[in-house]
1. Within the range 321-341, identify whether any single residue is under 20 Å from the mean Cα position of the chain (by Cα) and touching a residue at least 60 places away in the same chain (Cβ under 8 Å), and answer yes or no.
2. Identify the single condition in (1) within 23 Å of G347 (Cβ to Cβ); (2) among the acidic types (D, E); (3) in a loop (DSSP other than H, G, I, E, B) that E73 does not satisfy, given that it satisfies every other one.
3. Condition first: in contact with a strand residue (DSSP E or B) (Cβ under 7 Å, 6 or more places away or on another chain) and in contact (Cβ under 8 Å) with a residue 24 or more places away in the chain. Now tell me which residues in the range 249-291 satisfy that.
4. Scan the range 247-261 and give yes if some residue there is touching a Pro at 6+ places or on another chain (Cβ under 8 Å), modelled with pLDDT of 95 or more and not in a helix (DSSP H, G or I), otherwise no.
5. Kindly list the number of the only condition in (1) under 15 Å from V388 (Cβ atoms); (2) out of contact with any His (no Cβ under 9 Å at 6 or more places or on another chain); (3) acidic (D, E) that fails for E269.
6. From the list R281, R230, exactly one residue is modelled with pLDDT of 95 or more and either aliphatic (A, V, I, L, M) or not assigned by TED's automatic domain parsing to the domain that holds G90 (or both). Which is it?
7. Tally the residues that are exposed (fewer than 14 other Cβ atoms within 10 Å of the Cβ), part of a loop (DSSP other than H, G, I, E, B) and under 32 Å from the mean Cα position of the chain (by Cα), restricting the search to the range 22-55.
8. Counting only residues that are farther than 30 Å from H203 by Cβ, give me the helices (runs of 4 or more DSSP H) lying completely in the range 285-390 with at least 1 of them.
Amino acid sequence: MTDDKVDFDIATQLVHAGERQPAPPGQPVSTPLYATTTFTYASMEETDKVFGGEVPGYVYTRHGNPTTAGLEEAMRTIERGTAACVYSSGMAALHAALLVSDLKSGDTVLASQDLYGATTSLLMNIFTLFGIKTVTADFANLDQLQTTAEETGPRVLIAETISNPLLKLCDVPAVADIARRVKARLIIDNTFATPYLCRPLEHGADLVVHSATKFLGGHGDATGGVVISRDEMDRPALISVMKLVGGVLGVFQGHEIMRGLKTLALRVERQCTNARELAARIAEHPAVARVYFPGLNDEAEAQLVGRLLRKPHAGALVSIELRENNRDATFRFMNALKLVVRSTSLGDVFTSALHPATASHRDLTPARRRTLGISDGLVRISVGIENVNDIIGDIEQALRGA
């Protein structure tokens, strides 16, 4: 509202005064939070050109926003892709990655048997309704995977860099080679590894997905997701899914995740170091039957860790299976935790514990969980940045009562 409109009534002035000021001189050192749903221009002619894509600009935050665009550019850069698009959650991002892979009725998705439970449910319960078949395989068995891929002729292969919750490491270059042989696209969920530890596009993946809610944001206060593609041709489809399906990342969440990215390297360094020490310390604990940590008990996997992940790290998660392998004992252990937070997420600055059988993989049948090795005594621990002795001390005191 300009000075020549001062004759408006105060009710009108309260609505418009101070709004739509010219951009100030100087460039902000961090991306501002553009808390606006729409954008206006000096004329309809200019608006028409922006809407039509003839000139750059923003018209409606569902179509794009400068704040979230900054996050997209950051993720495109650090994952070394050519296009990136952010979404309202990790599941919305995964959905988008599948949609832009040109799946149609009659196509097959070849999925790792070791996936986040909601990913499996999305494939089996939603995509099945559209005539898209999902076949699962053990991606750690490359010979079996090659045979299954040749037999099923999938349009898409999908896996996690580090699987949820048993922390199996995917040989991304080998899987990418299999995908190329059968002319399929490879989607890698890189949430557990983060781009600090691994950049799957460099190893042959076509699309990388993150739940930005986890390590990227890192503070348990923002929900979001992102897809990064190696192919610029995916950009229009990624944006179209965002606009038409509507899983738009809010600008406040985008701003928080962008801020979290700035300390990702520092946090993950500490978390990985803590996780390795935790895994080594509790591996011989009498109350623990098995510790799951990439490369801890398998020399071949240890070599893959060295080839795929940033040395000397193997991730920031540790899963344990209690010797008294039942729900009651597991609940006693988790209820006895004093420092470690009982949480249904991961990747935060604080250490957290989750019971997969009743949380991340709750929707799977008990028989399916048993087949995958997800027992009632399994606990997934996302290791934080606290003093490692405090983390270990809390877990050990809780194990005494398990």
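The values are calculated or read from the model by the stated rules, or taken from the named source; none is laboratory data. The structure displayed is predicted, hence computed values, not measured ones. Don't worry about glycine lacking a Cβ; one is built from the backbone with ideal geometry, like all the others, and counts go over all protein chains shown.
1. Checked the range 321-341: no residue is under 20 Å from the mean Cα position of the chain (by Cα) and touching a residue at least 60 places away in the same chain (Cβ under 8 Å).
2. Going through (1) within 23 Å of G347 (Cβ to Cβ); (2) among the acidic types (D, E); (3) in a loop (DSSP other than H, G, I, E, B) one by one, E73 breaks only (3).
3. Within the range 249-291, L249, G254, A275, L278, A279, I282, A287, V288, A289, R290, V291 qualify.
4. No, every residue in the range 247-261 fails to be touching a Pro at 6+ places or on another chain (Cβ under 8 Å), modelled with pLDDT of 95 or more and not in a helix (DSSP H, G or I).
5. Going through (1) under 15 Å from V388 (Cβ atoms); (2) out of contact with any His (no Cβ under 9 Å at 6 or more places or on another chain); (3) acidic (D, E) one by one, E269 breaks only (2).
6. After applying the criteria, what remains is R281.
7. Residues that pass the stated criteria total 8.
8. 327-336, 366-372
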